[in-house]
Amino acid sequence: MSDSGGVRDMFPNQDPPAGWPKPHRSVTRVLSAVGFTLLTLITAAVAVSAVVTGDLAQALTFAVGTVLFAHLVGLVVSLMRQAAPATHEPSVGFNDQGERGLAFPYSRWAYYWLSSVLVAVLLVDAGLAVQFGAAGAWVMVVPLAAIALFLAWFLIAMLRLAPGRVVLTPSGIYHRSLVFEHFVPWDAVVDVAAQEGHIPRIIVKALPSIGTRERKHMGRLSAGIEGLPFLVVRTYWLGANALPANLALKHYLLHSDERTRLKEIGGRAAR
């Protein structure tokens with residue numbers, strides 16, 4: 001893992017475990033990447049064959065399938081890829097109440113892979129629903145329509161909140177994930193931990209507090225609520241910002257006298 005000297009200079013002596021966040025390259029993920037690659041090649045070959053024979057409807061169906069499997073390959077590979085830590089200074093951002101602070105945005109590539117896969121699944125699902133409806137098989141149309149509606153609901157909520165981010169302000173820590181917003185005041189935070197394992201995370205250990213704010217945009221289905229009252233950030237979504245975010249969180253937890261500087265614009269707040 002390449003070292004971001006500039007970031008470490010900003011927040012010295014706050015190192016997480018060596019190599020963190022190291023993605024989990026399990027046998028399951030490797031086999032999934034291989035399997036989806038084979039399916040991409042097969043569906044692409046069938047789509048080309050359908051074009052040659054003049055079956056444009058089948059060609060379109062398998063073309064969408066090819067796009068889906070290709071993006072599933074990209075998604076799985078991105079889960080196993082370790083992003084180099086960002087070398088630039090953190091940007092300015094705002095929490096849910098407009099308070100300014102140091103921001104660590106989510107990776108746009110992570111959004112691309114997930115949203116493209118969901119859109120492709122939605123198209124395949126809708127196409128199957130239309131085909132079953134034309135055949136009069138309504139017993140299949142109903143569950144397919146329900147899945148399509150749920151995926152559309154999730155996509156709209158996710159893209160409306162995008163990009164997610166972690167923002168450190170003088171009053172506390174704000175996290176906007178895919179469909180969940182969480183704020184914890186500094187006086188409720190007891191520790192910041194860089195968690196290793198299958199899904200590397202940043203865990204902000206916090207006690208229940210009247211200053212805590214939560215907003216679940218998909219109710220109990222909102223990812224992240226399972227960690228409450230802790231504030232949980234999956235490092236995959238932060239990408240290159242995972243290491244700088246962890247260093248900054250640890251630094252400002254231990255140096256409460258410097259938190260007022262978080263309201264300053266841009267890199268000046270980190271110096």
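If you go through region 65-123 and keep only what is modelled with pLDDT under 90 and among the polar types (S, T, N, Q), you end up with Ser78, Gln82, Thr87, Ser91. Among the residues making up region 237-267, a single one is crowded, with 18+ Cβ neighbours inside 10 Å and either in a loop (DSSP other than H, G, I, E, B) or on the phi > 0 side of the Ramachandran plot (or both): Gly239. State yes or no: is Gly101 assigned by TED's automatic domain parsing to the domain that holds Glu264 and not in a helix (DSSP H, G or I)? In short, yes. Once region 102-146 is narrowed to residues that are touching a residue at least 60 places away in the same chain (Cβ under 8 Å) and of a type in the set (Phe, Trp, Tyr), the residue that is surrounded by the fewest Cβ atoms within 10 Å (Cβ to Cβ) is Trp109.
Having 1 or more residues that are crowded, with 17+ Cβ neighbours inside 10 Å is the bar; report the strands (runs of 3 or more DSSP E) wholly within region 147-236 that clear it.
Numbers: elements: 165-168, 172-176, 180-185, 189-195, 201-206, 213-216, 231-234.
Correct list: 165-168, 172-176, 180-185, 189-195, 201-206, 231-234.
The values are calculated or read from the model by the stated rules, or taken from the named source; none is laboratory data. What you see is a predicted model, and the numbers here were worked out from it, not measured in a lab. No Cβ is skipped: glycine too gets one built from the backbone with ideal geometry, and neighbour counts run over all protein chains shown.
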